[in-house]
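Everything on this sheet refers to the single structure shown next.
The values are calculated or read from the model by the stated rules, or taken from the named source; none is laboratory data. Only a predicted model underlies this, so the values are computations on that prediction, with no experimental measurement involved. Neighbour counts run over all protein chains shown; Cβ positions are idealised from the backbone, glycine included.
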Amino acid sequence: MTTPGGWLLVLAVMVPFVAVMAGLLLGGRNAERVAMLTVGAGLLIVLGIARSLLASQEAVVYLLGGWAPPLGVALRADGLAVVMLVAVSVVIAGIAIYARADFGTPNGVRETRASLTFWSLLMAVWGALNLVFVSGDVFTLYVALELLTFAGVPLVCLDGRGETLRAALRYLVFALLGSMLYLLGVFLLYGAYGTLDIALLGERVGTGPLTAAAAALMTAGLLAKTALFPLHLWLPPAHAGAPAAASAVLSALVIKGSWFLAVRLWLDVFPTVITWPSAQWLAALGVAAIVVGNVVALRQVRLKLLIAYSTVAQIGYLFLMFPLAAGARAAHLDASGAVTGGMLQAISHASAKAAMFMAAGLIYTTLGHDRVADLRGAGRALPATMLAFALAGASLIGLPPSGGFLAKWLLVSASLATAQWWWGLAMLVGGLLTSVYVFIVVMRAMAPADVGWTPKRVVPGYQQGAVLGLALCSFLLGAAALFPLDLLQVGRPAVAWGAP
């Protein structure tokens, strides 16, 4: 049945898309205003959904047309979905504030195509992500992923240069390949079980070659969209020429959509199908991403590419939760700690990486370049920005009391509890590697500038405030330890992974 507050799920999806259409009709200058109004309204909507979830302690549900699955389609928001809805809304708000300086159209200034395009795509990405989080069946999730792809790809090539167009095309090829594999898995599931509803599939799915093939195809497709090593080849070029705000959207938010869908599949659809070796292989790819991404990041000469390869590394952490949850299930232990750690890692990474990309954009604007070896003067010209970069880096490293620390603490604890100490060791090594390039960037930026040097351009204070705000969100996320850690399990299926 549709639950109280269920209609808010529809608004969470529709309001950003209505903003897209309104912006296209009203033009570039008004598209920015519509987007900013939508950001405020969207925050209120997701907070209303969170309130409904906590009040009822059950998943928030809306049945489209009043028809229940398998005949109809349901929108559902459990603890996992609501936390992602709130986190994405906060990050979108920070990016929107920051982007006003780059894509705003003040009175008396001629409208540009890039401005209209950016605000429309930002709202489209938000709406598609919200649909990913609340979709109740695997085909609606496919539609949401395609919307997310076609909103994310143009962000890469807003300037229309040949280099960025090639990067966008490479991204599109990987994304479409991933979509094809995912859709093949959807066909197999429907043919075998006669439904696409996640809750019903979780009850009906059994072991067998066909189900294993569907799980493998869908997972492989999602890995390509998430840019997990070695399917990460599209991600660094996509960031190389994209505007800072666009890179923040791509790195912090877009890749989280496909990762969240992988979480849905492995935890809610295929928990009895996933084998121990498959979970270990998936985490092994994550460790490879951590090592390769961090090592390559250390060799970069441009700050933006350093942050891009850091994203490749950080994606690897997100996939360590799968063998830890599987190990807990095999040992008949509670897996909520591993799942909570993985979700906190995703949220802290989203806010930290958005802050770092936007900080890199301000550094480029101020210095006229982003060469890591020549960042002298950035700290004095942009004190709040460099503080934000350091706080975001501390969260990526996993220093207390950051959100990254709490996430890694839960994951390491789960690795010890399930006798999988090697994954905990990989996280510690990754943190050490991350600390090296964060330290290098901060120290070089704090070095005094040459005598007589002046900034190429003075950036608005609100841009630095937006960057610092997101960095603080990531750093202070460790305060989540003060709240019940089973909050993410509200509205989850009773047959949770390994719950005793």
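For the reader, a short list of remarks on this structure follows.
- Check on Glu58, farther than 20 Å from Thr140 by Cα, part of a helix (DSSP H, G or I) and of a type in the set (Asp, Glu): no
- With respect to the conditions (1) more than 30 Å from Ser251 (Cβ to Cβ); (2) in contact with a strand residue (DSSP E or B) (Cβ under 9 Å, 6 or more places away or on another chain); (3) surrounded by 21 or more Cβ atoms within 10 Å (Cβ to Cβ), Ile198 lacks only one, and its number is (1).
- Of the residues screened, Arg76 is one that is buried (at least 21 other Cβ atoms within 10 Å of the Cβ), over 30 Å from Ala388 (Cβ atoms) and among the basic types (Lys, Arg).
- Exactly one residue among Val125, Val138 is farther than 15 Å from Ile92 by Cα, buried (at least 23 other Cβ atoms within 10 Å of the Cβ) and either modelled with pLDDT of 90 or more or of a type in the set (Ser, Thr, Tyr) (or both), and that residue is Val138.
- The single condition among (1) in the same structural domain as Tyr182 (by TED's automatic domain parsing); (2) assigned to a helix (DSSP H, G or I); (3) more than 19 Å from the chain's Cα centre (by Cα) that Val292 does not satisfy is (1).
- Residue list for the stretch 269-286, filter: crowded, with 22+ Cβ neighbours inside 10 Å and part of a helix (DSSP H, G or I): Val269, Ala279, Ala283, Gly286
- Entry remark, the stretch 419-454: residues being part of a loop (DSSP other than H, G, I, E, B) and aliphatic (A, V, I, L, M) number 4 in total.
- Inside the stretch 157-195, residues that are of a type outside the set (Ser, Thr, Tyr), touching a residue at least 40 places away in the same chain (Cβ under 8 Å) and more than 26 Å from Val254 (Cβ to Cβ) make up a count of 1.
- The stretch 412-423 residues that are surrounded by 15 or more Cβ atoms within 10 Å (Cβ to Cβ), paired with ones that are hydroxyl-bearing (Ser, Thr, Tyr) (beta carbon under 7 Å, 6 or more apart): Trp423/Ser415
- In the stretch 110-149, the residues that are free of Cβ contacts under 8 Å to residues at least 24 places away in the same chain and either β-branched (Val, Ile, Thr) or not assigned by TED's automatic domain parsing to the domain that holds Leu25 (or both): Val143, Leu147
- Set Glu58, Glu32: member being crowded, with 22+ Cβ neighbours inside 10 Å and of a type in the set (D, E, K, R): Glu32
- Figure legend. Inter-residue proximity from the stretch 40-55: first residues touching a residue at least 12 places away in the same chain (Cβ under 8 Å), second residues surrounded by 14 or more Cβ atoms within 10 Å (Cβ to Cβ) and aromatic (Phe, Trp, Tyr), beta-carbon distance below 8 Å, spacing 6+ or different chains. Indicated pairs: Gly42/Trp126.
- Unique match (being acidic (Asp, Glu) and closer than 30 Å to Ile363 by Cβ) among Glu203, Glu146, Glu163: Glu163
- Scanning the stretch 370-417 for residues being within 20 Å of Met321 (Cβ to Cβ) and either of a type outside the set (S, T, N, Q) or more than 20 Å from the chain's Cα centre (by Cα) (or both) gives a total of 18.
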